[in-house]
Amino acid sequence: MSDSPPPLVQLLRTIEVTSAVRRGVLVGAGLAVALYLIRVFELIGPVAGTRSYPVLGVSGWYAMLALVLAVSVAMLVTAVIVTIRLVRLFRHAADQEPSA
């Protein structure tokens, strides 16, 4: 029996998915925290109009929105990085094939 990992695991290691996920999470969290602080502390001015934020209050609602934003941006950045790496990998593999 072979001790090599399954092909999918080898592919994920080759395109460094964990690195892409790490970068995605950092970008998503950074953007979400920045926008949360800007809105909650009104760094660019007060929210237009009067709104009510039941149960959680304004900080709670913006925290929930920040979480959704962070996760969405993290997934988007990760998908873009992984797609770029896959395209590069496939192009490199195509260049390595001998011409018939």
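The values are calculated or read from the model by the stated rules, or taken from the named source; none is laboratory data. No experiment lies behind these values; they were computed from the predicted model shown. No Cβ is skipped: glycine too gets one built from the backbone with ideal geometry, and neighbour counts run over all protein chains shown.
Could you look through segment 52-75, keep only residues that are without any contact (Cβ under 8 Å) to a residue 24 or more places away in the chain and of a type in the set (Val, Ile, Thr), and pick out the one that is surrounded by the most Cβ atoms within 10 Å (Cβ to Cβ)? Filtering first and then ranking leaves 58. Would you confirm, using the coordinates I've provided, whether residue 86 is farther than 30 Å from residue 41 by Cα, in contact (Cβ under 8 Å) with a residue 40 or more places away in the chain and loosely packed, with under 15 Cβ neighbours inside 10 Å? Criteria met by residue 86. For segment 9-41, taking the residues that are touching a helix residue (DSSP H, G or I) at 6+ places or on another chain (Cβ under 8 Å), assigned to a helix (DSSP H, G or I) and among the charged types (D, E, K, R), the one that is farthest from residue 78 (Cα to Cα) is identified as 39. Just one of the numbered conditions (1) closer than 13 Å to residue 66 by Cα; (2) touching a residue at least 12 places away in the same chain (Cβ under 8 Å) is not true of residue 38: (2). Considering 79, 63, the condition of being assigned to a helix (DSSP H, G or I) and touching a Phe, Trp or Tyr at 6+ places or on another chain (Cβ under 9 Å) is satisfied by 63 alone.
Residues considered: 13, 39. Of these, the only one that is basic (Lys, Arg), under 19 Å from the mean Cα position of the chain (by Cα) and at pLDDT 80 or above is 13. For segment 42-58, the count of residues that are over 19 Å from the mean Cα position of the chain (by Cα), assigned to a helix (DSSP H, G or I) and of a type outside the set (Val, Ile, Thr) is at least one.
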